[in-house]
Each structure stands twice: as C-alpha cells, then as structure tokens.
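J.: Once you've had a glance at the structure underneath, I'll fire off some questions.
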Amino acid sequence: MTRDEASFDRPHVFLPGGGPQAPVLLALHGTGGSEDSMADFARQLKDDAAVLAPRGLVVEGPHARWFRRLGEGVFDVDDVELQADRLADFVLHAQETYGLGGRRLFAVGFSNGANMALALATRHPELLAGVVAFSGMYPYADRDLPTGVSGLAALLLNGQDDPMAPQPSVARLEEQLRRRGATVDRRTRAGGHGVTEDELQTARDWLEAEAARL
C-alpha cells in the first residue's frame, strides 16, 4: 500500500478507550453527518472501545460524503475504490499516531458511511476484524468483490422497505461476502432508512461477542 503523508491531514475525532485489549471502532458518518456525532454514536455501541471518527472528504452541496455518486443509489465505483484506499492510508497513520497497533479494529458506519465501511473492509480486509453496516448496500454496482475476505465478520442491519439501500443490493452484498469467505449476520426489520433501538442493541451484543474472540 502506498503511504501518503497527506492522508492523515483530515478532520477526525479520536477518543481513547480501555486498555490494549479493548477494540477500536472506526466510526463513519452518513451523508451530511459529522465526525463528532458519529464518535458519540460509536460510544453508545461499546463504551470501553477507542473511537476513531474521520470525516468524509467528498462534498455534495453542503454535505460531507465518502465518495461521489452519479445519482440516488448510483455510485461512482472508481471513486468508491479510490476513497477506500485513501481511508485505509488514514487508518494506518492513525494506528501509528495513537498507538493502536495490535488492537482489533471494527468499522461501524451508517448509510453512506456503511457503504464506505464495506468498501474498506473488502478492499483492505487485513485492516479490519469486522464491520457493522447500518442501512448499507453493495458498494460496487455490477463489479464483484475485489479480493477474498476470509476471517472478516459482517453485521448487516437494514430496513425491508429502504429505498436508499434496496433489498436486492443487500442480498448481493451478503452473497458476495459469503462467497469470498466472510461470516455474515444479516438482520432485516420492518421500515426504511435509519437506525432503531433494537438495531443498536443487536450491534452492541454483536460487537461484545466479536471483541471477545481471541
């Protein structure tokens, strides 16, 4: 991986957590969200984890995003891949800067942030132990996953009637992850785009179980 020294120069929040055995949550906001609100969100999921919450650097109108899109639900896949690589470089710098080497890293994202978490996990699976995707979808359009993801654990939390993350795309995501070796827990609820209290508790329980694995 090419190291880009400028990659660490992006707004972000770092919240120290527990000891060296505690995991790190990479918290990725949705369109129009912020690193501050997403850091607070991540702390609701596992309060002893360290939290690393960067800002997406693509701007759409007044909103920060993680990658360009050509229309609602139509992603610029080349930019998805480029921005995932840049985020991976940021994570490597952050691990060095904050002394996080050796700690298990879980990406947690909502909406556009969930899609970026999935792109990061599938382009750079060596960085992550797992990913929690709230209202996410398959980020690569008609392309297959770029690499194997054996050992990756993924929790997919979606609404049945979400027009921004339609079920056929989520089904393709699950199929591609499983085919490439990931362990997938897919949960579908009634309703549309968003995060419910039940989903928050599911994510808490899932992260607790995954973090306890040696």
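J.: What stretch of the chain, leaving out the sites themselves, is the longest with no trypsin sites (Lys or Arg not before Pro) in a DSSP loop having at most 15 other Cβ atoms within 10 Å? List each step's numbers first, then the result.
T.: Details: sites that count: 3, 143, 213.
My reading of the result: 4-142 is the longest stretch.
J.: Calculate the FRET efficiency for residue 98 and residue 36 from the Cβ-Cβ distance with a Förster distance of 25 Å, rounded to the nearest 0.05. Before the final figure, lay out each step's value.
T.: On the way: r = 17 Å, r/R0 = 0.69.
According to the calculation, E is roughly 0.90.
J.: For the range 48-56, what does the Karplus curve 6.51 cos²θ - 1.76 cosθ + 1.60, with θ = phi - 60°, yield as ³J(HN,Hα) per residue in whole Hz, taken in order and with x for Gly and Pro?
T.: 9, 7, 6, 10, 10, 10, x, 9, x
J.: Scan around residue 27 for amide H atoms under 5 Å from its own, H built in the peptide plane at 1.01 Å from N, and keep only partners 5 or more places away or cross-chain.
T.: 52, 53, 108
J.: I've got another one for you. Quick check: net charge around residue 12, other residues with Cβ under 12 Å of its Cβ, Lys/Arg +1 and Asp/Glu -1? All intermediate terms of the calculation are to be shown ahead of the outcome.
T.: Values: positive: 10, 55; negative: 9, 35, 36.
With Lys, Arg at +1 and Asp, Glu at -1, the neighbours total -1.
J.: While we're on this one: Might you tell me the accessible area per residue for the range 24-137, computed with a 1.4 Å probe and given in Å²?
T.: Numbers: 3740 Å² over 114 residues.
That works out to 33 Å² for each residue.
J.: Using 0.36 nm per residue of separation minus the Cα-Cα distance, give me the extension gain between residue 178 and residue 47 in nm, one decimal. Walk me through the numbers before you get to the answer.
T.: Working: separation 131, 0.36 × 131 = 47.16 nm, distance 2.97 nm.
Value of the extension gain: 44.2 nm.
J.: Also, I was wondering about something else. What 222 nm value per residue comes from the helices of the chain, counting each DSSP H run with n ≥ 4 as -39,500 (n - 2.57) and dividing by all residues, nearest 500 deg cm²/dmol? Provide the component values of the computation, followed by the final result.
T.: Numbers: 5 runs with 73 residues, N = 214.
The per-residue figure over the chain is -11000 deg cm²/dmol.
J.: What is the magnitude of the charge dipole of the chain about its Cα centre, with +1 placed on the Cβ of each Lys and Arg, -1 on the Cβ of each Asp and Glu, and no other charges, expressed in debye to the nearest 20?
T.: Details: 22 positive and 31 negative charges, 78 e Å.
That gives the chain a dipole magnitude of about 380 debye.
J.: In nm, to one decimal, how far is the modelled label at residue 21 from the one at residue 57, with both set 7 Å along Cα→Cβ?
T.: 3.7 nm
J.: Give me the mean projected area, in nm² to one decimal, of the convex hull enclosing the Cα positions of the range 39-125.
T.: Details: hull surface 24.6 nm².
Result: 6.1 nm².
J.: Now a separate question. Between beta-carbons, use under 10 Å as the cut-off and find the net charge around residue 34, counting Lys and Arg +1, Asp and Glu -1.
T.: Details: positive: 55; negative: 35, 36, 40.
Spelling it out: positives minus negatives among the neighbours equals -2.
J.: With all distinct Cα pairs included, what does the Kirkwood hydrodynamic radius of the range 79-173 come out to in Å, to one decimal, could you say?
T.: Final number for the Kirkwood radius of the range 79-173 is 13.6 Å.
J.: Per 0.36 nm of contour for each residue apart, how much would the distance between residue 68 and residue 142 grow if the chain were fully extended, relative to their Cα-Cα spacing?
T.: My answer for the length gained is 25.0 nm.
J.: I've got another one for you. Length gain on complete extension for the stretch residue 187 to residue 160, per 0.36 nm per residue less the alpha carbon to alpha carbon distance? Walk me through the numbers on the way to the answer.
T.: On the way: separation 27, 0.36 × 27 = 9.72 nm, distance 0.96 nm.
Computed gain between residue 187 and residue 160 is 8.8 nm.
J.: Mind jotting down a quarter of the surface of the convex hull over the alpha carbons of the chain, in square nanometres, one decimal?
T.: Values: hull surface 42.4 nm².
Answer in nm², one decimal: 10.6.
The values are calculated or read from the model by the stated rules, or taken from the named source; none is laboratory data. What you see is a predicted model, and the numbers here were worked out from it, not measured in a lab. Heads up, the Cβs are rebuilt from the backbone with ideal geometry, glycines too, and the neighbour counts pull from every protein chain shown. The area values use the complete protein model at the heavy-atom level, side chains included, leaving out ligands, DNA and RNA. Shrake-Rupley method; radii C 1.70, N 1.55, O 1.52, S 1.80 Å.
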